[in-house]
């Protein structure tokens, strides 16, 4: 353990956004989607099953099951999320407000990794509010960092907020 709190606020926060883009339904995300968000904090049930905490949630016609586990001696939190999705014009995101001050993030691509800004200093930077990555993204300081690893290819929103924390 680093002796440092990695999160600036609640982590593993499911956030539901309206998804009504100006163009290209189900393909494009416009930056204004962030203005309309509902945090899904209520759980239908929370139980311990084997070596994991299992959280079940439902909203609309959809259901989410998460298995959250810690392995002995590992600094990682393992979260397996299964979603039975039946919503239209909705976007579901999983937020982790990391308490890391970084000018850029790193994300895996098909041939290595790419660095992207975590700020919106220019219009070009601001246009990169949503990025794609393969199996991992990393945000780090010189002697500290956090990463999210997954088993597929996803979009990520990595941005410095007013508290200088990034949300992945």
For this session: Working only within segment 5-16, note down all residues that are surrounded by 11 or more Cβ atoms within 10 Å (Cβ to Cβ) and more than 19 Å from residue 43 (Cα to Cα).
Result: 6, 7, 8
For this session: Have a look at 141, 82, 87 and point out the one that is surrounded by fewer than 18 Cβ atoms within 10 Å (Cβ to Cβ) and closer than 16 Å to residue 12 by Cα.
Result: 82
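Name the residue that is farthest from residue 76 (Cα to Cα), counting only residues in segment 16-40 that are part of a strand (DSSP E or B) and touching a helix residue (DSSP H, G or I) at 6+ places or on another chain (Cβ under 9 Å). Can you show your working first?
First pass over segment 16-40, keeping only residues part of a strand (DSSP E or B): 16-18, 37-40.
From what is left, the residues that are touching a helix residue (DSSP H, G or I) at 6+ places or on another chain (Cβ under 9 Å) are 17-18.
On the way: 17: 28, 18: 31 Å.
Filtering first and then ranking leaves 18.
Check 131, 79 and return the single one that is more than 24 Å from residue 21 (Cα to Cα) and in contact (Cβ under 8 Å) with a residue 12 or more places away in the chain.
Details: 131 fails: more than 24 Å from residue 21 (Cα to Cα).
Every option except 79 fails the conditions.
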Seminar exercise, completed: When (1) more than 20 Å from residue 132 (Cα to Cα); (2) surrounded by 14 or more Cβ atoms within 10 Å (Cβ to Cβ); (3) touching a strand residue (DSSP E or B) at 6+ places or on another chain (Cβ under 7 Å) are applied to residue 58, the one that fails is (3)
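Yes or no, residue by residue, for (1) more than 28 Å from residue 43 (Cα to Cα); (2) touching a residue at least 12 places away in the same chain (Cβ under 8 Å); (3) within 14 Å of the chain's Cα centre (by Cα):
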residue	(1), (2), (3)
62	no, yes, no
73	yes, no, no
86	no, yes, no
89	no, yes, no
101	yes, yes, no
106	yes, yes, no
117	yes, yes, no
124	yes, no, no
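I need a count of the residues in segment 121-146 that are assigned to a strand (DSSP E or B) and within 19 Å of residue 101 (Cα to Cα).
Our first condition is that a residue be assigned to a strand (DSSP E or B); within segment 121-146, this holds for 131-133, 136-141, 144-146.
Right, trim to within 19 Å of residue 101 (Cα to Cα) and you get 131, 136-141, 144-146.
The total comes to 10.
Rule-based calculations on the coordinates, nothing more; no lab input. Here the structure is a predicted model, which means the values were calculated and not measured. Don't worry about glycine lacking a Cβ; one is built from the backbone with ideal geometry, like all the others, and counts go over all protein chains shown.
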